[in-house]
Amino acid sequence: MMSIKEIKEDLKRKLSPKRYEHTLGVEYTAACLALRYGADMEKARLAGLLHDCAKYLSAKDKVSACENYGIPISDYERKNPELLHAKLGACFANEIYGVTDPEILSAITWHTTGCPSMSVMEKIIFIADYIEPNRNQAEDLPIVRPMAFKDLDACLLRILEDTIDYLAGKKSVTDPMTQKTFEYYKGRK
């Protein structure tokens, strides 16, 4: 596996400066959440660092790379290929950066849509991606950020609900997996 230093150097070359700053913010936030919830901090850092490692590819190249690696593409993802960076990121984390830990790879895979019955690590990366210090678009960040350190599931549900509401407001269709994840956590509340 590549060292953290080598991974950072490679990502700095591939990602835009803004995306790289976001990546470092997710790495930092994931480490903080891991400390809070007793998860493996090094795994959280690595998953946070690599969560967007395939984001630099164009939509067409994401589809092509998924097809080359045999990664299944849903109808929704075909219409919204920017979502493929999550599955492809897990693949790149393994193929390019040498990450073999299934917990890290799964956290990268589900950091965009979520999935029912998420592990603590999956929740940490999903939430860290939303709340990291460089993010400022979501109106509810002042509410969601402290919530992340009090109740991971409540925070996850709030982010999913806000995401679905935001997409509905834009007259966009929600990814079926995000909807399924929301229903799962709403049912557990």
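Data for the structure
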quantity: Helices (runs of 4 or more DSSP H) contained in the range 70-189 and holding at least 2 residues at pLDDT below 95; calculated: 75-79, 152-169, 176-188
quantity: Which listed residue is of a type outside the set (Ser, Thr, Tyr), closer than 25 Å to Asp175 by Cα and over 18 Å from the mean Cα position of the chain (by Cα), from Gly48, Gly38, Gly70; calculated: Gly70
quantity: Condition check for Val26: closer than 21 Å to Glu103 by Cα and crowded, with 17+ Cβ neighbours inside 10 Å; calculated: yes
quantity: All positions within the range 11-30 that are over 15 Å from Pro133 (Cβ atoms) and either in contact (Cβ under 8 Å) with a residue 40 or more places away in the chain or in contact with a Pro (Cβ under 8 Å, 6 or more places away or on another chain) (or both); calculated: Leu11, Lys14, Leu15, Ser16
quantity: Residue pairs meeting the criteria (Cβ under 8 Å; at least 6 apart or on separate chains; first over 18 Å from Glu82 (Cβ atoms), in the range 100-116; second in a loop (DSSP other than H, G, I, E, B) and open to solvent by less than 30 Å² (accessible area, probe 1.4 Å)); calculated: Leu105/Val99; Ala107/His51
quantity: Complete set of residues in the range 31-59 that are touching a Pro at 6+ places or on another chain (Cβ under 9 Å) and either open to solvent by 70 Å² or more (accessible area, probe 1.4 Å) or part of a helix (DSSP H, G or I) (or both); calculated: Ala59
quantity: Residue match in the range 31-44 (condition: within 19 Å of Ala86 (Cα to Cα) and in contact (Cβ under 8 Å) with a residue 60 or more places away in the chain); calculated: yes
quantity: Which numbered condition Ile125 fails, given (1) surrounded by fewer than 23 Cβ atoms within 10 Å (Cβ to Cβ); (2) touching a His at 6+ places or on another chain (Cβ under 7 Å); (3) under 22 Å from Gln179 (Cα atoms); calculated: (1)
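Okay, residues lined up against (1) under 21 Å from Gly38 (Cβ atoms); (2) open to solvent by 40 Å² or more (accessible area, probe 1.4 Å); (3) over 19 Å from the mean Cα position of the chain (by Cα):
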| residue | (1), (2), (3) |
| --- | --- |
| Met147 | yes, yes, no |
| Arg158 | no, yes, no |
| Thr163 | no, yes, no |
| Leu167 | no, no, no |
| Lys170 | no, yes, yes |
| Thr178 | no, no, no |
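The values are calculated or read from the model by the stated rules, or taken from the named source; none is laboratory data. All values derive from a computational prediction rather than experimental measurement. Positions of Cβ are generated from backbone atoms using ideal geometry, with glycine treated the same way; all protein chains shown enter the neighbour counts. For the accessible areas, the whole protein counts, side chains as well, though only heavy atoms, and no ligand, DNA or RNA atoms are used. Shrake-Rupley method; radii C 1.70, N 1.55, O 1.52, S 1.80 Å.
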